[in-house]
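**Student:** Please find one structure pasted underneath; my questions will follow.
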Amino acid sequence: FDNRRRGKKKKRHDYYQVASPKDVVFEMRDKLPAIVFSFSRKGCEFEALKLIKNGDLVSSDDERHRITEIYRKHFNPDVNRMNTTAKLRDVLIKGVGCHHAGLLPQNKAAVEELFSNGLLKVLFATDTFSVGINMPAKTVIFNGLRKFDGRTFRMINSKEYFQLAGRAG
């Protein structure tokens, strides 16, 4: 125990937090569409809402019209009144989406159709998105490398990493 250091906190540098997904996305517009993997449902939604505060990724009025048509096809009036659907609609119209196990099936279907048609430029998703779905992404970004496995937080293993990173073609 060193009394001279008492009360002084050592400045800690977080080497893993280099840039936020928002910063990365706006730097690499030519590498879109991208999937940003987050290991948290809440994190997916939070990052999507945060990204749209800094701009719009939709490139034309025609693209925006196509987005509107697709989500209207999937969102019935009952689903449309829900707060979660309203938040999703707010990000979809700006070319951003989120996909996780907590979404309603019709919301997931809308997001998947929009992303597969190239209308979403950035998709924030949990690792469940990488299983059994082949979507046209140019880039994969990891929001972190730790995930909750039902009991504790752990680093993802190499198999999981390659499964997720392999989404980019």
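The values are calculated or read from the model by the stated rules, or taken from the named source; none is laboratory data. Quick caveat, the model's predicted, so the values are computed rather than measured. With ideal geometry, Cβ positions are generated from the backbone for all residues, glycine too; neighbour counts draw on all protein chains shown. Quick note on the areas: whole protein, heavy atoms, side chains included, nothing else; ligands and nucleic acids left out. Shrake-Rupley method; radii C 1.70, N 1.55, O 1.52, S 1.80 Å.
**Student:** Between PHE46, PHE75, which is under 30 Å from ASN157 (Cβ atoms) and aromatic (Phe, Trp, Tyr)?
**Tutor:** Working: PHE75 fails: under 30 Å from ASN157 (Cβ atoms).
After applying the criteria, what remains is PHE46.
**Student:** Now, a different point. Among LEU120, LEU164, which is the only one that is closer than 20 Å to ALA48 by Cα, crowded, with 16+ Cβ neighbours inside 10 Å, out of contact with any Leu (no Cβ under 8 Å at 6 or more places or on another chain) and not aromatic (Phe, Trp, Tyr)? I'd like the intermediate steps shown before the answer.
**Tutor:** Values: LEU120 fails: out of contact with any Leu (no Cβ under 8 Å at 6 or more places or on another chain).
Answer to the check: LEU164.
**Student:** Output the residues belonging to the range 37-84 that are acidic (Asp, Glu) and within 19 Å of the chain's Cα centre (by Cα).
**Tutor:** Taking the range 37-84 as the starting set, the residues that turn out to be acidic (Asp, Glu) are 45, 47, 56, 61-63, 69, 78.
Once the filter is applied, which keeps residues that are acidic (Asp, Glu) and within 19 Å of the chain's Cα centre (by Cα), the range 37-84 yields GLU45, GLU47, ASP56.
**Student:** Within the set of pairs 6+ apart or on separate chains, which have a first residue in the range 146-160 that is closer than 15 Å to PHE37 by Cα, a second that is of a type in the set (Val, Ile, Thr), and C-beta atoms under 7 Å apart?
**Tutor:** Hits for this filter: LYS147/ILE156.
**Student:** Among the residues of the range 120-152, count how many are at pLDDT below 85 and not aliphatic (A, V, I, L, M).
**Tutor:** 14
**Student:** I've got another one for you. Please work out which one of (1) within 30 Å of ASP149 (Cβ to Cβ); (2) in contact with an Asp or Glu (Cβ under 6 Å, 6 or more places away or on another chain) is the condition LYS94 fails and give its number.
**Tutor:** (1)
**Student:** Further, regarding this structure: Take the residues in the range 83-105 that are in contact (Cβ under 8 Å) with a residue 12 or more places away in the chain and surrounded by fewer than 17 Cβ atoms within 10 Å (Cβ to Cβ); name whichever of them is farthest from ALA137 (Cα to Cα).
**Tutor:** Of the range 83-105, the ones in contact (Cβ under 8 Å) with a residue 12 or more places away in the chain are 84-85, 87-104.
Now restrict to residues that are surrounded by fewer than 17 Cβ atoms within 10 Å (Cβ to Cβ): 84, 87, 90, 93, 101-102, 104.
Details: THR84: 25, LYS87: 23, ASP90: 22, ILE93: 19, ALA101: 20, GLY102: 22, LEU104: 23 Å.
Across the range 83-105, the extreme among qualifying residues is THR84.
**Student:** Another question, if that's okay. Taking into account only those residues within the range 153-169 that are charged (D, E, K, R) and within 21 Å of CYS98 (Cβ to Cβ), which is modelled with the highest pLDDT?
**Tutor:** Step one: list which residues in the range 153-169 are charged (D, E, K, R), which gives 154, 159-160, 167.
Checking the rest, the ones that are also within 21 Å of CYS98 (Cβ to Cβ) come to 160, 167.
Working: GLU160: 79, ARG167: 63.
Among those residues, the one meeting the criterion is GLU160.
**Student:** Could you figure out which of (1) at pLDDT below 90; (2) open to solvent by less than 40 Å² (accessible area, probe 1.4 Å); (3) closer than 23 Å to LEU49 by Cβ isn't true of VAL111?
**Tutor:** Looking at each condition in turn, VAL111 falls short on (1).
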